[in-house]
Amino acid sequence: MQSKVMYLSDLKFNIETWKRELRFHFNEMDTFEEKLEEIVQREPDPMAMVKLEVFQNRIMIEKDAISKLLHRCRNKMANIINVDFNENIDGRLQNEQRTLREDMRTYIKLHYDLKEEMMNYFLEVL
């Protein structure tokens, strides 16, 4: 029982950390969107505008992915709060955690790839 409580505490910590990171990334995407809007107003080059539209679309997709991951985190937290302490620790909760963890790893990698591309774009046009 004690090991299960510790395990659930660790899960809660991971999920709360992911939620903070996702909210930060969502806000960061808002900041990038604002910067892109500034560029629209002063950039006459049509090719720069094409890239800009691609980034705007990717930001919308990323924000949607963040929303979905936040929703999964909230659902996971609800499962943890309402856990059956008689359930085996190697069961459903651990399997769900592994899937969410892998999705978070993939998301974070993709986020930083997008961020790097956007920063390079900003260096090009600013």
(request) Please give the number of the condition Glu53 fails out of (1) assigned to a helix (DSSP H, G or I); (2) at pLDDT below 80. (result) (2)
(message) Looking at Ile39, Ile59, Ile15 in this structure, which one is modelled with pLDDT of 90 or more, among the β-branched types (Val, Ile, Thr), closer than 22 Å to Leu123 by Cβ and surrounded by 15 or more Cβ atoms within 10 Å (Cβ to Cβ)?
(response) Ile59
(request) Specify which of the listed residues (Ile80, Ile66) is among the β-branched types (Val, Ile, Thr) and at pLDDT 90 or above. (result) Ile66
(request) Looking only at the range 22-31, decide whether some residue is at pLDDT below 95, out of contact with any Pro (no Cβ under 6 Å at 6 or more places or on another chain) and exposed (fewer than 11 other Cβ atoms within 10 Å of the Cβ). (result) no
(request) Determine whether Ile66 is surrounded by 14 or more Cβ atoms within 10 Å (Cβ to Cβ), in contact (Cβ under 8 Å) with a residue 24 or more places away in the chain, among the hydrophobic types (A, V, I, L, M, F, W, C) and farther than 24 Å from Glu117 by Cα. (result) no
(request) Write out, first by first residue and then by second, each pair whose Cβ atoms fall under 7 Å of each other, whose residues are 6+ apart or on separate chains, and whose first residue, in the range 72-88, is under 12 Å from Lys19 (Cα atoms) while the second is at pLDDT 80 or above and of a type in the set (Phe, Trp, Tyr). (result) Cys73/Trp18
(request) Just need a number here: residues in the range 99-126 that are modelled with pLDDT of 95 or more and of a type in the set (Ser, Thr, Tyr). (result) 3
(request) Please work out which one of (1) free of Cβ contacts under 8 Å to residues at least 12 places away in the same chain; (2) farther than 17 Å from Arg105 by Cα is the condition Leu52 fails and give its number. (result) (1)
(request) Only residues in the range 7-18 that are under 14 Å from Met104 (Cα atoms) count as the first member; pair them with residues that are surrounded by fewer than 16 Cβ atoms within 10 Å (Cβ to Cβ), Cβ under 9 angstrom, at least 6 apart or cross-chain, and list the lot. (result) Leu11/Met77; Leu11/Gln94; Asn14/Arg101; Ile15/Arg74; Ile15/Met77; Glu16/Met77; Trp18/Leu70; Trp18/Arg101
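The values are calculated or read from the model by the stated rules, or taken from the named source; none is laboratory data. Keep in mind the model is a prediction, meaning the values are calculated, not measured. Heads up, the Cβs are rebuilt from the backbone with ideal geometry, glycines too, and the neighbour counts pull from every protein chain shown.
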